[in-house]
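Below is one structure, written out as structure tokens; the observations come after it.
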Amino acid sequence: MTTLASGLFIDWEGLTGQSKFVVDLISFPIFSAIAGLLTNWTGVLMLFWPVQFKGFRVPGLQILYPYLPRRVQVLPIFSGDGKRLGFQGFIPARAEKMASICVDKALLRIGSPRDFISELDLEGIGDYLADHARDQVKTIVDEIMYRDSPDLWRSLPKQMKNAVYQRVDRQLPNLCHRAFESLGDNIDQLLDVKNFVIRYLDQNPYILKDLTTTIAAPELKFMVRVGLLGAPFGLILALYLHIHSQIPYWGAIPSWAIVLFASAVIGVTVNVIAVKMVFTPGDPQPRYKYIWRQALLAKRQQQAATDLAHILAYQVLTVENLSNELLEGPNGDKTRQLIERVVAEEIHKQLGPAAFMVRAAIGKKGYENLASAGAGAGFSMAPAMVDDEAFVAEQAKKIDEFAARKLRKLTPGEFMEMFYAAVEQDAWLLYLHGGALGIAVGAIHLLTFGW
């Protein structure tokens, strides 16, 4: 069996005057610590970066890709269309799955859509819209009438037009209140929170990255530092190599093979320890089950819950996002029909005794169109609401406080289930990365110090 007692470029024993055993006792812990730090540091980076897939087109990959096993296809080294080879952070690459877990394990435990909407100041929103729409009353009424009944509206005396403006103006608060009360009463049919959040986070994967890096920032730093545990493992490896050749049969295995194998094991082990200490167990356990008793993130549940609620309130469940989902989402037509019904009832009341004459002048169909047109004009008030930063911030604060209160009431096990479930299924990729990087560092050690 061929061995090399020193490195390819430096005779460490001659340089230091020490035996190979002493050189190994010093070098293996240092290299193992470096391997552990690199493994965990790059592992944390790979969780989140890059947010968007970065890669290059490979000729023929698109033809081969459909025949690969599903477990291989979902690896973040392939673009979604299977045409490019590259990389995307584990969490952004699994945005849809991560979002689904987030909803199932957190949002649906916090409350239903009705619970979230009830936290908003619906009456205040109605008053806000009514107040900001007053300057638009004349424009809205003219727009509706000129579009649906231009001859009638042009023929009306100015005094009658002013009377209509005044009636609409007086009814605005009541109209807005009733519209938002109806939305609140029917919110479960109009807003599918799970599909909305999954779709939104899938389209905005950077929020998932921010969510984890913000909530678990101290724990992610700890995961990197845990890599230093490679040092004692390296010391154990050096001691073992000193007696390896004396072991019957097993000692026939080349030392370099033992070093590479042990380096891979060390890379995997420090990764496993880091992930497990941060995410498991949620509820405190006896020392004989877990030396650390409880996940580090679970110990900070109160602060982590506050951070999670803040991100949900200010980046996901915002007034703007909820408004867009209600009006432009899959059930947007139902929302519009609901508002149209409320607006139609109000316009009938606003026309009052003149309703019969108006109906006769413009026809039954035109009269109904007039009522429905009010809803379309009413939608133009919504941008003013979401453009007011103070108003939006006030509503976000209500959602923030509500979500934080609910998340803090979850048991540590329930709270941690959301985070660990998002990492657990793809943890093997981190471990594989740790093993590969460990082998690389082990190979560098062999080239540097010999075998």
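Do the conditions hold for LEU437, that is, is it modelled with pLDDT of 80 or more and either in contact with a Pro (Cβ under 6 Å, 6 or more places away or on another chain) or not assigned by TED's automatic domain parsing to the domain that holds VAL74 (or both)?
Answer is yes for this residue.
Suppose we filter PHE53, PHE48, PHE87 for residues that are under 15 Å from LEU430 (Cβ atoms) and at pLDDT 80 or above; which single one remains?
PHE87
Give the residue, chosen from PHE233, PHE180, that is crowded, with 16+ Cβ neighbours inside 10 Å, of a type in the set (A, V, I, L, M, F, W, C), at pLDDT below 75 and assigned to a helix (DSSP H, G or I).
PHE180 is the lone residue from the list that is crowded, with 16+ Cβ neighbours inside 10 Å, of a type in the set (A, V, I, L, M, F, W, C), at pLDDT below 75 and assigned to a helix (DSSP H, G or I).
Between residues in region 20-43 that are without any contact (Cβ under 8 Å) to a residue 24 or more places away in the chain and residues that are part of a helix (DSSP H, G or I), which pairs lie under 9 Å by C-beta distance while being six or more apart or on different chains?
Here the result reads VAL22/GLU13; VAL22/THR16; ILE26/THR16; ILE26/ALA238, each pair linking region 20-43 to a residue that is part of a helix (DSSP H, G or I).
Starting from residues that are in contact with a Pro (Cβ under 6 Å, 6 or more places away or on another chain) and of a type in the set (A, V, I, L, M), keep the ones in region 225-244 and report whichever is farthest from VAL272 (Cα to Cα).
Filtering region 225-244 for residues that are in contact with a Pro (Cβ under 6 Å, 6 or more places away or on another chain) and of a type in the set (A, V, I, L, M), the one farthest from VAL272 (Cα to Cα) comes out as LEU235.
For residues in region 191-246 being of a type in the set (Gly, Ala, Ser) and in contact (Cβ under 8 Å) with a residue 24 or more places away in the chain, which is nearest to GLN52 (Cα to Cα)?
Step by step, filter region 191-246, then rank; the result is ALA216.
The values are calculated or read from the model by the stated rules, or taken from the named source; none is laboratory data. All of these numbers come straight from a predicted model, not from anything done at the bench. All Cβ positions, even for glycine, are placed from backbone atoms using ideal geometry, and neighbour counts span all protein chains on display.
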